[in-house]
Amino acid sequence: MEKVEKKYVMIGKKRKCKPFKMAYKIFGCGSNKVLFVMGFMLEGKFWSGIPAKYMDEPDKYTICVFDQCGTGDSDYSYFSNLKHLAMDIIELLNHLKWEKTNIVAVSIGAAVSWELARIEPDLIKSLNILSIPSIGFGLNTYRQFLMLPIYSRLHNIESCEMYSRLIISDSFFNSPSKFKDGLNKEYVMPLAKSVHNSRFDYKYMSRFSHWISAAFHKVKPINLEPFERKFPIVMFFGTDDPLAPELKRNEYIYQIIKPNLVYICNGGGHCLQTEDNETFNQLSMKFIDYSNDYKPDSIETNKINQFYNVQFLEYNVGYRIPSSNNPFPLKNSIIFKKNFHVNPTLIFGVIPSWPTILDLI
């Protein structure tokens, strides 16, 4: 992907907060506008090579990657919550004059994007929610981050390695790389160290603000039924993700968000986009294509409770490692396969064919 200079926009001029300078980059010049929203206290560059795939077709996509308030090259301004961060994105989209945007978001970035969908649904063309954590349940969600120093001492492992094992599945961590000689952990560790240490470069109040906003945010519903919503939603979850919700919390979040399509990634961790970026990009780009022809009015109102289309993907096949090898508690791997109930009626087609509803009934 070509090198692009960062641009800046002043955010918060018309709000009751101190205006701050937000950094962002734009790639491509296509009609499909795609905004990438990074996770907890991370700057946009940590999307790494994910947006690069879209630039294989620069005339089809326009990509925006940005640094949230207080991260990367964006200034710290105020003690925020996820709603404030969502409003920052709205100002960025208005500055870019993007009327309909495909949003790809990971972890806490997914929670911020869901808040954006609640505030300004008309700005969204499609919503791709990746590894949304069990927000809405207080500090229990982030006990893993809080326990990093203790786990590191108990297991005599550096904090950055413990961090990598929190966001990457053991199976991927210890499997051979598809792109270079050696194991994935040999290439993941330097990136994980960079990601882990980057947080300590931020101002104390910025870090504290992000912690509090993440820990106490609650997932709130959009006051629209799925057939009334003008944009489709896809969700990705890894079964070996320590930060992903437990079963009851997944069901709780599904009932609120009501996605059109759910991918359960067997053996996948928190950073699914890293563990298999080729599959993630392929499915995400097809979902964007699908959103171009999305017609919610075609859904039969009596089928509302049969809205989910669930697909199972296999990650790190042949290199699965028992969850007990990871010091973090993993509660999803077995529970998902035995207890996750989904109505068998498919409302939307199965990627990649996307047949019409008439083909499925």
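Take Lys33 and tell me if it is among the basic types (Lys, Arg) and touching a Phe, Trp or Tyr at 6+ places or on another chain (Cβ under 8 Å). Yes, satisfied. Annotation note: of Gln255, Gln306, the sole residue that is at pLDDT 70 or above, of a type in the set (S, T, N, Q) and open to solvent by 40 Å² or more (accessible area, probe 1.4 Å) is Gln255.
Sort out for me the strands (runs of 3 or more DSSP E) sitting completely within region 6-116 that have 3 or more residues that are of a type outside the set (A, V, I, L, M) and open to solvent by 10 Å² or more (accessible area, probe 1.4 Å). I'd like the intermediate steps shown before the answer.
Working: elements: 7-11, 20-28, 32-37, 61-66, 101-106.
Of the strands (runs of 3 or more DSSP E) lying wholly inside region 6-116, those with at least 3 residues that are of a type outside the set (A, V, I, L, M) and open to solvent by 10 Å² or more (accessible area, probe 1.4 Å) span 20-28.
Taking region 147-198 as the search range and keeping residues that are open to solvent by 40 Å² or more (accessible area, probe 1.4 Å) and among the aliphatic types (A, V, I, L, M), which one is farthest from Asp67 (Cα to Cα)? Here the residue is Leu154.
Restricting to region 24-69, name every residue that is touching a Gly at 6+ places or on another chain (Cβ under 6 Å) and under 27 Å from Ser209 (Cα atoms). Selection gives Val37, Met38, Gly39, Glu43, Val65, Phe66, Asp67. Of all residues in region 62-77, those that are within 10 Å of Ser206 (Cβ to Cβ) have Cβ atoms under 6 Å from Cβ atoms of residues that are among the aromatic types (Phe, Trp, Tyr) and part of a loop (DSSP other than H, G, I, E, B), 6 or more apart or on another chain, in Gly70/Tyr76; Gly70/Tyr202.
Considering only region 1-41, how many residues are of a type in the set (A, V, I, L, M) and more than 16 Å from Ile103 (Cβ to Cβ)? Going through region 1-41 one residue at a time, the tally reaches 8.
The values are calculated or read from the model by the stated rules, or taken from the named source; none is laboratory data. Everything quoted here is computed from the prediction, not taken from an experiment. Virtual Cβ from ideal backbone geometry, glycine too; neighbours counted across all protein chains shown. Side chains included, ligands, DNA and RNA excluded: accessible areas come from the protein's heavy atoms. Shrake-Rupley method; radii C 1.70, N 1.55, O 1.52, S 1.80 Å.
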